[in-house]
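Report on the following structure.
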Amino acid sequence: MNIREKSVPGYERVVYGTDEAAGYKGIVVVHSTTLGPAVGGTRFWSYQTEDDALTDALRLARGMTYKNALAGLPCGGGKSIVMRSNKAIDREQLFRAHGRLVNTFAGKYVTAEDVGTSPADMEYILEETTHVAGLQGRSGDPSPHTARGVFRAMQAAAKHKWGSDDLSGKTVSIQGCGHVGYFLAGELSRAGAQLIVTDVDPAKVKRVVDEYGAKAVDPEEVSVAADIFAPCALGGVLNDKTIPKLKAAVVVGAANNQLLEPHHGDLLEQHGILYAPDYAANAGGVINGCCIEMLGWDVPKTLAKTDAIFDTLTKIFMIAQQQKVPTYQAADRLAENILQKAKH
């Protein structure tokens, strides 16, 4: 394993690892360990350049620090990326190599699954390090828990916007019908919401349409008329092009880094669209993994912690209203306040 470090202002550690025999190129970013060991998943994704991968990892790691702070977890923030190539790979060798890089952090970074990885991949990482969560037979797939948290965030947003947390009869447009999008569709269907769904994978769309009576629209379509827009695919979907086209009153989704740039949070505000900051809304997965595997909590106590996302969002909306700032700034201020108190 060839390892090199890079100094990035505002981040504790940025480490690159390569293992040619395993076809491995990875990056681990630790943003902050103020509240505890940095926790954040491993993303297996294809990037045009190494710099693109680093930019993604830096944003995601910082988001994890804020997410864990707002969720009241004794964890800092980190993230890692295994760079995907178009060559054939041995998945076991690839993720065992990643496990060796994670192990060099000696517990200061704990990984789990993320986009492109699974509990099975975490088992390979476990062969090389104990600093891994999301394992089979333990907290497992975080997706249902992430979806539950997003659903609770949606209820909080509905209450703030319309005076009631009842989602029955509301139309929700879900972009991305993968693991989280699928489970979110189930939560919403049971609550009596009307669903509009889209995904680049027709099979995923068909599953949600068949099971929950959703209406399917074109993958590029984010401008459908809906009460709530739920971005549950990759980040950057809220930008200069898409925001003026949005026909939703509320945005609450599971995707990380939904705002392409911070000022897009201001643009949503200008268009009168209520935005539930992504890292506050989508914390259910990390809450589940951290509480069960790291803190040893039981399922009911962990579920109650996930449901408390409703209270967190309510607080964020209140701060935004009182301080006359966009909701993304209110969430940042709340998280930074928690981190500042921990330093003293």
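The values are calculated or read from the model by the stated rules, or taken from the named source; none is laboratory data. What you see is a predicted model, and the numbers here were worked out from it, not measured in a lab. Quick reminder, even Gly has a Cβ in these numbers, built from the backbone with ideal geometry, and neighbours come from all protein chains shown. What goes into the accessible areas is simple: the full protein's heavy atoms, side chains included, and nothing from ligands, DNA or RNA. Shrake-Rupley method; radii C 1.70, N 1.55, O 1.52, S 1.80 Å.
Identify, by number, the condition in (1) touching a residue at least 60 places away in the same chain (Cβ under 8 Å); (2) within 28 Å of THR18 (Cα to Cα) that ASN68 doesn't meet.
The number of the failed condition is (2).
Considering only segment 272-288, I want to know if a residue exists there that is in a helix (DSSP H, G or I) and touching a Cys at 6+ places or on another chain (Cβ under 6 Å). Before the answer, list the steps.
From segment 272-288, those in a helix (DSSP H, G or I) are 278-281, 284-288; that's our starting set.
Okay, now just the ones that are also touching a Cys at 6+ places or on another chain (Cβ under 6 Å), so none.
No - not one qualifying residue is present in segment 272-288.
So which of THR129, THR117 is at pLDDT 95 or above, polar (S, T, N, Q) and not in a strand (DSSP E or B)? Lay out the reasoning, then the answer.
Values: THR117 fails: at pLDDT 95 or above.
The conditions single out THR129.
Just one of GLY10, GLY17 is at pLDDT 95 or above and open to solvent by less than 10 Å² (accessible area, probe 1.4 Å); which is it? Explain how you work it out, then say what you get.
Details: GLY10 fails: open to solvent by less than 10 Å² (accessible area, probe 1.4 Å).
Result: GLY17 is the single residue among GLY10, GLY17 that is at pLDDT 95 or above and open to solvent by less than 10 Å² (accessible area, probe 1.4 Å).
Find all pairs meeting these conditions: Cβ atoms under 7 angstrom apart; at least six residues apart or on different chains; first residue within segment 16-43 and farther than 19 Å from ASP90 by Cα; second residue acidic (Asp, Glu).
Matching pairs, first to second residue: VAL30/GLU12; HIS31/GLU12; SER32/GLU12; THR33/GLU12; GLY41/GLU113; GLY41/ASP114.
For segment 111-158, how many residues meet the condition of being closer than 20 Å to GLY296 by Cβ, open to solvent by 40 Å² or more (accessible area, probe 1.4 Å) and either acidic (Asp, Glu) or over 14 Å from the mean Cα position of the chain (by Cα) (or both)?
Result for segment 111-158: 7.
Conditions first: (1) out of contact with any helix residue (DSSP H, G or I) (no Cβ under 7 Å at 6 or more places or on another chain); (2) farther than 13 Å from GLU12 by Cβ. THR33 passes all but one, so which condition is the exception?
Result: THR33 passes all but (2).
Look through segment 66-100, keep the residues that are hydroxyl-bearing (Ser, Thr, Tyr) and more than 12 Å from the chain's Cα centre (by Cα), and return whichever of them is surrounded by the most Cβ atoms within 10 Å (Cβ to Cβ). Walk me through how you get there before you give the answer.
Going residue by residue through segment 66-100, those that are hydroxyl-bearing (Ser, Thr, Tyr) are 66, 80, 85.
This time we only want the ones that are more than 12 Å from the chain's Cα centre (by Cα), so: 80, 85.
Details: SER80: 30, SER85: 9.
The residue in question is SER80.
Any idea which of LYS301, LYS341 is free of Cβ contacts under 8 Å to residues at least 24 places away in the same chain, in a helix (DSSP H, G or I) and either in contact with a helix residue (DSSP H, G or I) (Cβ under 8 Å, 6 or more places away or on another chain) or among the hydroxyl-bearing types (Ser, Thr, Tyr) (or both)? Steps first, please.
On the way: LYS341 fails: either in contact with a helix residue (DSSP H, G or I) (Cβ under 8 Å, 6 or more places away or on another chain) or among the hydroxyl-bearing types (Ser, Thr, Tyr) (or both).
One residue alone meets the criteria, LYS301.
May I ask you to say which residue of THR302, THR314 is within 21 Å of the chain's Cα centre (by Cα), modelled with pLDDT under 95 and of a type in the set (Ser, Thr, Tyr)?
Answer to the check: THR302.
Six or more apart or on different chains, Cβ atoms under 7 Å: show the pairs whose first residue is in segment 234-253 and within 22 Å of ARG148 (Cβ to Cβ) and touching a residue at least 24 places away in the same chain (Cβ under 8 Å) and whose second is among the polar types (S, T, N, Q) and open to solvent by less than 10 Å² (accessible area, probe 1.4 Å).
Final answer for the pair search is GLY235/GLN258; VAL237/GLN258; ALA248/SER173.
When you look at LEU101, is it assigned to a loop (DSSP other than H, G, I, E, B) and touching a residue at least 60 places away in the same chain (Cβ under 8 Å), yes or no?
Values: assigned to a loop (DSSP other than H, G, I, E, B): no; touching a residue at least 60 places away in the same chain (Cβ under 8 Å): yes.
No: the conditions fail for LEU101.
When you go through THR306, THR312 one by one, which is the residue that is out of contact with any strand residue (DSSP E or B) (no Cβ under 6 Å at 6 or more places or on another chain), touching a residue at least 40 places away in the same chain (Cβ under 8 Å), among the β-branched types (Val, Ile, Thr) and open to solvent by less than 10 Å² (accessible area, probe 1.4 Å)?
Details: THR312 fails: open to solvent by less than 10 Å² (accessible area, probe 1.4 Å).
Step by step, each of THR306, THR312 is checked, and only THR306 is out of contact with any strand residue (DSSP E or B) (no Cβ under 6 Å at 6 or more places or on another chain), touching a residue at least 40 places away in the same chain (Cβ under 8 Å), among the β-branched types (Val, Ile, Thr) and open to solvent by less than 10 Å² (accessible area, probe 1.4 Å).
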